Amino acid sequence: MADLPSATNTATLLQSLRNVLAVATSALAQRCTENGTLSSAQLDAQQVSSFELAWANAELLAAERAVAVLGEQSSELEQRLAMVFVAEALTLIRDRLESILLDLNLPDDKLSAVHADASSRTLRRVALSDSFLLETAQLLSRDPSQIARISLNEDLTMVQDMFSRFASEAVAPLAEEIHRHDLIVPEAELLQPLREMGVFGLSIPEQYGGSAPDDRDDNMTMVVVTEALSEASLAAAGSLITRPEILSRALLAGGTEAQKKNWLPRIAQGNPLCGIAITEPDYGSDVASLTMRGTRCEGGWLLNGAKTWCTFAGKAGVMMVVTRTDPDKSKGYKGLSLLLAEKPSFEGHEFDHVQEGGGRIIGRAIPTIGYRGMHSFDVSFENYFVPDANVIGEEGGLGKGFYYTMAGMMGGRMQTAARASGVMRAALLAGLRYAEERKVFGSPLIDYSLTSAKLAKMAARYSASRHLAYSIAELLDQGGGRMEASLVKLFACRSAELVTREALQIHGGMGYAEEMPVSRYFVDARVLSIFEGAEETLALKVIARSLLEAALKEQAA
């Protein structure tokens, strides 16, 4: 470790990259501006650079957090993992910034200077060497529990222990059967115990029957619980919190007091279970173009149209449906409202419910390669009645559905980062165990430098992602971190793909067999970059746009 640059020198390198990134952001903002404001047409014309900009920010933020770990009381393993990640990130960020600078025809001398800096070269030469990575993998093997350790207070430690124990004792034994036979999450073995443990009320304030404080969010507890459950199974347990969290946050953002008192205590109890109906077959993430119609009728609204990728819609007793209640399509997202459509809970892969007045809702589960257990449904509504009282915000909430949805999705992004963290840990530990046990040409796989390098880099990326997620959860609890929540979702979900891919590769042919849990981790991880804001939409429409708008404001100041 003595040959490596100091934490201060490493932080200076990252600050230099941050300075180059600021120049690139400012220039790209100017390229995408017409008459002093960002132009959607220009943004679409610069999608490649905008995408790279979002990713450069995400990777740089993760690297900065990794360096911050070096300044804390961290173990030798944590210091090594931080250095490995930063060494790789220096090249990744350099390549992204270079592509933006080339596109904008800007000089890259300052960027080249960072890469040529003696500290940068030393860090990459030492931290990515065979010997350093082998020694790091050996430390991983000695005590895997030390990987990416987070210091938690007594209450959070107790919560973590309780849910980790439930995950290993109750969820893990059922995970493979649920996945391989595409079963629904079982009521008695999992759903009811989780109701009793309060898992559905983590985002709901105590005054409404949940466990969150009345005066602030509690993202830290949500991250701890989600991560623990996701390590055992993403679909059978780790994702159960997402839908009640989105709905409860939407209600807290826009619901009337009567609606909050009616719905939130019931959601906290897991009765009813929740479904979210946003995406439509022809529009995907293009929320402003959604066409699900809500037509006024006596006492409420009639829903007509189709939704897709409605996870847990069968078991759900209520669905939050993003609905166009204003027939003027030119209003875009300003014509959308949130309606709560109640229905009976159904087991299995399809349902068909007819209301007393003739309204109908039909759902069929979509066969998927992974993320099985909760089932994602195609759902169609035919004159399905929803009373006025079930419009979030009632009359005052009409046309505000987009904003309430975004309020709900913010927590969903943070929670998805926690889900990615849990899946990564499961895959990393599986790869580590297999590398220790599997012998090739007379020696364990872990003794070979390429395998040890894979494991060390997997652990480094997982550690960077986990530390970043926890730091942003804390920031959100303090009232900030909205942009950072999007960045960690982007970074963690792609990281989960990379880590699970390498874990499967370490298993060789056995990794491709369904009987090995690592194959499930791999196909489950693939969905993370798609839901709760597809990677491309998140990078372009949320992150890059926000960064460019901020750059324009700074230029105008």
Tell me, how many Å apart are the Cα centres for segment 58-82 and for segment 83-141?
15
I'd like to know which of GLY396, ILE369, ALA420 lies farthest towards the positive end of the charge dipole of segment 308-426, counting +1 on Cβ of Lys and Arg and -1 on Cβ of Asp and Glu.
ALA420
In the list [x] 76, 60, 42; [y] 110, 61, 48; [z] 78, 55, 50, the entry giving Cα extents along the principal axes in Å computed from the coordinates is [x]
Among SER145, SER471, SER529, SER40, what is the fewest-to-most ranking by other Cβ atoms within 10 Å?
SER145, SER40, SER471, SER529
Is there a quick way to get the dipole size of segment 7-128? I mean about its Cα centre, with the Cβ of Lys and Arg at +1 and of Asp and Glu at -1; what is the value in debye to the nearest 20?
260
Descending packing, highest mean Cβ count within 10 Å first, for 418-429, 373-384 is 418-429, 373-384
For the chain, with only Lys/Arg (+1) and Asp/Glu (-1) charged at the beta-carbon, what is the dipole magnitude about the Cα centre, in debye rounded to 20?
660
Residue-ordered couplings for segment 402-415, obtained by feeding phi - 60° into the Karplus form 6.51 cos²θ - 1.76 cosθ + 1.60 and rounding to whole Hz (Gly and Pro as x), are 4, 5, 5, 5, 5, 4, x, 6, 4, x, x, 5, 5, 5
If packing is taken as the average number of other Cβ atoms within 10 Å across a peptide's residues, how do 122-129, 507-514, 229-236, 409-416 rank, most packed first?
229-236, 409-416, 122-129, 507-514
Coil-residue GluC sites (Glu not before Pro) of segment 19-94, DSSP, other Cβ within 10 Å capped at 13
GLU72
Looking at this model, which pairs from LYS400/LYS553; LYS261/LYS329; LYS307/LYS553 are more than 31 angstrom apart at the alpha-carbon?
LYS261/LYS329; LYS307/LYS553
Which value, in debye to the nearest 20, describes the size of the charge dipole of segment 504-557 about its Cα centre when Lys and Arg Cβ atoms bear +1, Asp and Glu Cβ atoms bear -1, and nothing else is charged?
160
State the Cα centre-to-centre distance between segment 508-524 and segment 242-288 in whole Å.
34
Here the relative contact order (percent) of segment 261-400, from C-alpha pairs under 8 Å and at least 6 apart, is 27
If each residue's Cβ is checked for other Cβ atoms within 10 Å, how do TYR333, TYR470 rank with the fewest at the top?
TYR333, TYR470
Which lysines does LYS457 reach when only Cα atoms under 23 Å apart count, and residues fewer than 8 places away in its own chain are ignored?
LYS439, LYS489
Relative contact order of the chain, pairs being alpha-carbon contacts under 8 Å that are 6 or more residues apart, as %
18
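For segment 7-128, compute Rh as the Kirkwood radius over C-alpha pairs and then the Stokes-Einstein diffusion coefficient at 20 °C and 1.002 mPa s; write the answer in µm²/s, rounded to an integer.
Using the Kirkwood radius from Cα pairs, D works out to 141 µm²/s.
To make sure I understand, if each residue's beta carbon is the centre and we count other beta carbons within 10 Å, what order do THR500, THR12, THR325 fall in, fewest to most?
Ascending Cβ contact count within 10 Å gives the list THR12, THR325, THR500.
Quick note: the coordinates plus some simple rules give every number you see, no bench work behind them. It should be emphasised that the depicted structure is a prediction, and the values quoted were computed from it without experimental measurement. A quick note on method: Cβ atoms are made from the backbone with ideal geometry, for glycine too, and the neighbour counts reach across all protein chains shown.
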